[in-house]
Amino acid sequence: MSTSGRIADVLPAVRGAVEDLGSVAVPTTERDRERRRIAALCAPFAVLLVVAGVYPLLEVVRISVSVERFETVGFTLSAYRTLVTDPYYRRVAFNTLWFAALTTLVSVALAVPIAHALEKYDLPGEGLFVTLVSFPISLPGIVAAFMMLVLFGNNGVLTNVVATFAGANPTDVAVAVSVPGLFLAFVYSMVPRATLILRGTYAEVEEAAEEAAQALGATPLQTFRYVTFPQIRPGITGALILTFRTGLAIFGTLIVIQTLLVWTLQLDRELSAGAFPVAGAMATVYFVFVFGFTALGLRYTSAEVGL
């Protein structure tokens, strides 16, 4: 195709875009006024997206391909090559994925019965229970880790109780600074997030269908399996997406309980060592993975809702 032909194909699209902008700037119909209101409401977020999202991400990418450690000059993929070929970084990636996946599955598995109980039964002191369940969301990761130390450290309250009944040394049963302790800290932070999502999902469950199943002789477990679960499945998928992303992003807890080398902790170490290209490559890979995982997860959730 000739250059004039390509220009002729592009001109209608450009002309249409200009006309759309003109209709938003100077609306003449109710539809145009609605589009202007939408544009006005989205403008602050668009500015924030560019200033706090797109621009920093582009700078991180530039750093990751820089030839120099302290200047963004030249172009090289050596940092990415290091992430792919070095067994050390592959092990860090594997640790990150399996630990985040395990804590996600356990957190959502615990959140389902909690949300079910809160929405289906009149519990005594329900307001207090909801407050206690959602309280960890307001705590920084460092505080959650410190609570693990207080409870399960060498001199922790529960450690001493277990040691007393087991007749063992407290240091032998302490788990705060081990992988199980880190696991408990992660789950403690992630269960409330999954619970809040599932509570919203339970609000959309058709109670008439559940009552009909029970009237036909279905047990509570059968009712949940065949009637309730299909309706809350999109919410479970959303909870899995959110909690998995949370598990990948937790950092404050890892600063205190450094028992498992994962991506965020290694990224901090790279920055502390001045290895900025590798840190930039790690941050870029992290963003691409999380963004892609979220997009696919939301697409799957939308497909389920469509069904």
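Among the residues of the stretch 254-278, count how many are assigned to a loop (DSSP other than H, G, I, E, B) and in contact with a Ser or Thr (Cβ under 7 Å, 6 or more places away or on another chain).
Counting residues in the stretch 254-278 that are assigned to a loop (DSSP other than H, G, I, E, B) and in contact with a Ser or Thr (Cβ under 7 Å, 6 or more places away or on another chain) gives 2.
Looking only at the stretch 196-227, which residues are farther than 30 Å from PHE287 by Cβ, in a helix (DSSP H, G or I), of a type outside the set (D, E, K, R) and free of Cβ contacts under 8 Å to residues at least 60 places away in the same chain?
The answer is ALA208, ALA209, ALA212, ALA213, GLN214, ALA215, PRO220, LEU221, GLN222, THR223, TYR226, VAL227.
What about VAL54, is it in contact with a Phe, Trp or Tyr (Cβ under 8 Å, 6 or more places away or on another chain), modelled with pLDDT of 80 or more and within 30 Å of LEU254 (Cα to Cα)?
Spelling it out, it is not the case that VAL54 is in contact with a Phe, Trp or Tyr (Cβ under 8 Å, 6 or more places away or on another chain), modelled with pLDDT of 80 or more and within 30 Å of LEU254 (Cα to Cα).
Yes/no matrix, rows are residues, columns are (1) modelled with pLDDT of 85 or more; (2) β-branched (Val, Ile, Thr); (3) at positive phi; (4) not assigned by TED's automatic domain parsing to the domain that holds GLN258:
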| position | (1), (2), (3), (4) |
| --- | --- |
| ASP122 | no, no, no, no |
| GLY125 | no, no, yes, no |
| LEU128 | no, no, no, no |
| LEU132 | no, no, no, no |
| PHE135 | no, no, no, no |
| THR171 | no, yes, no, no |
| MET190 | yes, no, no, no |
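In this structure, does GLU71 turn out to be without any contact (Cβ under 8 Å) to a residue 60 or more places away in the chain and more than 13 Å from THR284 (Cβ to Cβ)? Write out each step before concluding.
Numbers: without any contact (Cβ under 8 Å) to a residue 60 or more places away in the chain: yes; more than 13 Å from THR284 (Cβ to Cβ): yes.
Yes, satisfied.
State yes or no: is LEU198 assigned by TED's automatic domain parsing to the domain that holds TRP98 and closer than 30 Å to PRO220 by Cβ?
Numbers: assigned by TED's automatic domain parsing to the domain that holds TRP98: yes; closer than 30 Å to PRO220 by Cβ: yes.
For LEU198, the condition - assigned by TED's automatic domain parsing to the domain that holds TRP98 and closer than 30 Å to PRO220 by Cβ - is met.
Only one of these conditions is not met by ALA101: (1) free of Cβ contacts under 8 Å to residues at least 24 places away in the same chain; (2) among the aliphatic types (A, V, I, L, M); (3) surrounded by 12 or more Cβ atoms within 10 Å (Cβ to Cβ). Which number is it?
If we test ALA101 against (1) free of Cβ contacts under 8 Å to residues at least 24 places away in the same chain; (2) among the aliphatic types (A, V, I, L, M); (3) surrounded by 12 or more Cβ atoms within 10 Å (Cβ to Cβ), just (1) comes out false.
Anything in the stretch 30-75 that is part of a loop (DSSP other than H, G, I, E, B) and either aromatic (Phe, Trp, Tyr) or touching a helix residue (DSSP H, G or I) at 6+ places or on another chain (Cβ under 8 Å) (or both)? List them, or say none.
The answer is VAL65, SER66, ARG69, PHE70, THR72, PHE75.
In this structure, is THR131 under 30 Å from THR228 (Cβ atoms), among the polar types (S, T, N, Q) and exposed (fewer than 15 other Cβ atoms within 10 Å of the Cβ)?
Spelling it out, THR131 is indeed under 30 Å from THR228 (Cβ atoms), among the polar types (S, T, N, Q) and exposed (fewer than 15 other Cβ atoms within 10 Å of the Cβ).
The values are calculated or read from the model by the stated rules, or taken from the named source; none is laboratory data. On a predicted model such as this, the values are computed, not experimentally measured, just so you know. Here Cβ is always computed from backbone atoms with ideal geometry, including for glycine, and neighbour counts include all displayed protein chains.
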